[in-house]
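The values are calculated or read from the model by the stated rules, or taken from the named source; none is laboratory data. This one's a predicted model, so the numbers in the text were calculated from it and none came from an experiment. Ideal geometry is used to build each Cβ from the backbone, glycine not excepted, and the neighbour counts take in all protein chains shown. SASA here: full protein model, heavy atoms, side chains in, ligands and nucleic acids out. Shrake-Rupley method; radii C 1.70, N 1.55, O 1.52, S 1.80 Å.
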Amino acid sequence: MREIFFVPERCLPGCNACQMACVAEHLKNKGLLSPLSGLPFPKKRQTPLYKHSVRRFFPHPLRCLHCDPPRCVESCLSGSLIKNETNGRVGNNLEQCIGCFMCVAHCPYGAVIPTPAEHVSIKCDGCLWSKAPACVRACPSGALVFTDSETHAETLETQIRFKKRKIQPPRLSPARV
Amino acid sequence: MRVVIIGNGTAGIHAMLAIKRNTPKTDVTLVTHDEPFFYSRPEITQLIEDPYTLKVIALPVPGEILKDITLIHQTVEEIEPKTGTLRLAGGARLPYDRLILATGAAPKKVKIIGVPSDAILTMRTARDALRIAAHLEESDAPVILGGGLIGLKIAHTLARLGKPPRVVVSSPRLLSRTLDSETAATIQELFEENGVTFHLGATPKYADWDERTRKGTLFTEKGDKIPFDLLLAGKGVNPRVELARQAGILIEDGGIAVTDSMETSLKHHYAAGDCASIFNHETGRYENRAIWPVAAESGRIAGEAVVGKLISSGRFSAPIARNAITFFSVPMVSIGTVQGESLKTNVYREASRRIVRKIFQENGRIVGAVLVGDIMHAGVLFEAVRQEARVRQIPGWLLRGAPQFSQQTPSMEVLFS
Ligand SMILES: Cc1cc2nc3c(=O)[nH]c(=O)nc-3n(C[C@H](O)[C@H](O)[C@H](O)COP(=O)(O)OP(=O)(O)OC[C@H]3O[C@@H](n4cnc5c(N)ncnc54)[C@H](O)[C@@H]3O)c2cc1C
Ligand code: SF4
Ligand code: SF4
């Protein structure tokens, strides 16, 4: 299964394109343009997902392992957490979630974040209905990689080998999807 | 092969899904005497608030699986294991090759001298909730018997509807099996702020009840006189095992005794969910634990075992009690052992935000936790209890519930070595 990997050395500090992409992806119209340019104050950006990624917590997208079988899905009282059968990613349908937080009490990795005020729990869904996660698609420097763990380990090894032999590693191209 | 599942609660649904996902060709039949569709039992409190939410509480089941199964809306009256048939009410017979019993549990009946027991309403099905909603319209003084999770869930709903009830609890405090005394007091305060009145340590003795007006007074052994016009009970559940008992299946701890693969004492007969007692390797006993995640997990395992696709993933995690619930926007989680003399308690409090986080240790091992107000990392604690993680010092972020910024997944090996 493919997962999202983070390569900290490649990350451009302050770029935040991945976070913007995440917000845009989870907005109904899938675009930031209208909320950014809109007057009066953009209401659409105030989704629970957005508020909490900005205000209180930093939901760490790399933490969810999209387990099989996922304990969070089995504990979900409303059936709002679902595992996409084709690509294996686990996501929460916020419209059905009742905020009982059984999932929070069952995820062994602390990947589900409770929002008691909004009565929903949020987690990285790996953009389960699209080909690749939005953050990966948005990252300009290839710091986010979407691949399986063996391939990723190989890539990292190559990089290290290049460094040891004091050869400039090949220029980083944006993540291939 | 024909598999028949009795019950369409979460255990039945997960068994059905596991069978259909692994072997789509297997013939699956569900029999139920509850509603002939799939809904979430814990969500029925929403029906009291608004009867039109029946669609909202429905559980999503993939359409192609729905089309592919048979759902029979009938009561099973007898299992005949020798011939492999079920006798349904009305006389029809249903043959099976493998049987999964997911019959769930029935609420305990409460008896009070002076009130017929059918005038004391319980809550287990959607229909129960709708009945309560109908009675509630004419009620001004509802009284709830029992201060456990279900009792408080009903109290929470009534308080939100502007009819705060009186709650009669026989133990000296609330949630005596779920919380320790400090956090129980916090929850009690929260309910009292919202208008709910508690009578603690009060055992009902008898009641004066007028059938015509449906009004009455409840007398307790302590001498309280509590007026009521609606009596609701939330006093726990009894596993539904009559069918299994008749068929000669072994019963332990009130439920159907099952192995790690959910097989009962009778070959080709499986049980899962609230009706089953699962073997606890720690204590060497069968234990009945009537909670949703256990029902879902055991249902899946039963389904996989029936079609021979069980991926053995070690021991079943059922023996640990755990629950999460939110009252008046204050979330709480309880995991494992939460009270006892020999426990070492690690506490983090934040009075202004009504946060109490307690982690309990015994001989260095994490055995339980109670989190009120802030439940971050509750699942990490559940995993720690499950693995009986031994830690000298609880990491600060785990105790305080602070978000963790590390790039690593906080895996158990890293945390608790
Ligand atoms: C109000 C409420 C709130 C709850 N809240 C929580 C919570 O917050 N957290 C939690 O963990 N748990 C909670 N629970 C408990 C949880 O709902 C149960 O653990 C779970 O539903 C059990 O599922 P099950 O499939 O084993 O049984 P059930 O859902 O009870 O299903 C049993 C099925 O068997 C059928 N059946 C039984 N006998 C027969 C027969 N003879 N013939 C035909 N059909 C039969 C019934 O019709 C029913 O469909 C709550 C329960 C209630 C009622
Ligand atoms: S949220 Fe937790 S339990 Fe659910 S799939 Fe992700 S890591 Fe697994
Ligand atoms: S909080 Fe939402 S997603 Fe989590 S278990 Fe409850 S209903 Fe499911």
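For the reader, a short list of remarks on this structure follows.
- In the set (1) touching a Lys or Arg at 6+ places or on another chain (Cβ under 6 Å); (2) within 14 Å of another protein chain (Cβ to nearest Cβ), the condition left unmet by B:R41 is number (1).
- Cβ-Cβ contacts under 6 Å between residues 6 or more apart (or on different chains), taken from a first residue in segment B:186-201 that is closer than 16 Å to B:I154 by Cβ to a second residue that is among the charged types (D, E, K, R), are listed as B:T197/B:R166; B:H199/B:D224.
- The number of residues in segment B:375-399 being under 24 Å from the mean Cα position of the chain (by Cα) and open to solvent by 30 Å² or more (accessible area, probe 1.4 Å) comes to 3.
- For the condition surrounded by 18 or more Cβ atoms within 10 Å (Cβ to Cβ), over 19 Å from the mean Cα position of the chain (by Cα) and modelled with pLDDT of 95 or more, B:T29 qualifies.
- Selection status of A:P114, in contact with a Gly (Cβ under 8 Å, 6 or more places away or on another chain), farther than 18 Å from B:M332 by Cα and crowded, with 24+ Cβ neighbours inside 10 Å: no
- Screening segment B:183-219 for residues that are among the polar types (S, T, N, Q) and outside any strand (DSSP E or B) and picking the one that is farthest from the chain's Cα centre (by Cα) gives B:T213.
- In segment A:79-110, the residues that are touching a His at 6+ places or on another chain (Cβ under 8 Å), at the interface with chain B (Cβ under 8 Å from one of its Cβ atoms) and at pLDDT 85 or above: A:I98, A:G99
- Taking the conditions (1) exposed (fewer than 15 other Cβ atoms within 10 Å of the Cβ); (2) within 14 Å of another protein chain (Cβ to nearest Cβ); (3) modelled with pLDDT of 75 or more in turn, A:S149 satisfies each one other than (3).
- Filtered residues of segment A:105-133 (kept if over 17 Å from the mean Cα position of the chain (by Cα) and within 12 Å of ligand 2 (Cβ to nearest atom)): A:A105, A:H106, A:P108
- Residue satisfying condition, being away from chain A (no Cβ under 11 Å), of a type outside the set (K, R), away from ligand 2 (no atom under 16 Å from the Cβ) and touching a strand residue (DSSP E or B) at 6+ places or on another chain (Cβ under 7 Å), within set B:T23, B:T29: B:T29
- A single entry from B:I79, B:I69, B:I65 fulfils the requirement of being surrounded by 16 or more Cβ atoms within 10 Å (Cβ to Cβ), under 26 Å from B:S277 (Cα atoms) and among the β-branched types (V, I, T): B:I79.
- Any hit, segment B:64-86, residues being touching a helix residue (DSSP H, G or I) at 6+ places or on another chain (Cβ under 6 Å) and under 29 Å from B:G201 (Cα atoms): no
- Residue that is modelled with the lowest pLDDT [pool: residues in segment B:42-55 that are out of contact with any helix residue (DSSP H, G or I) (no Cβ under 7 Å at 6 or more places or on another chain) and open to solvent by 10 Å² or more (accessible area, probe 1.4 Å)]: B:K55
- Restricting segment A:65-78 to residues that are part of a loop (DSSP other than H, G, I, E, B), touching a residue at least 24 places away in the same chain (Cβ under 8 Å) and within 9 Å of chain B (Cβ to nearest Cβ), the residue that is nearest to ligand 2 (Cβ to nearest atom) is A:L65.
- For segment A:80-107, a residue qualifies if it is outside any loop (DSSP other than H, G, I, E, B), open to solvent by 10 Å² or more (accessible area, probe 1.4 Å) and either within 19 Å of A:M1 (Cα to Cα) or of a type in the set (S, T, Y) (or both), and the qualifying residues are A:I82, A:K83.
- Residue tally, condition within 14 Å of chain A (Cβ to nearest Cβ) and either surrounded by 14 or more Cβ atoms within 10 Å (Cβ to Cβ) or modelled with pLDDT of 95 or more (or both), over segment B:306-341: 20
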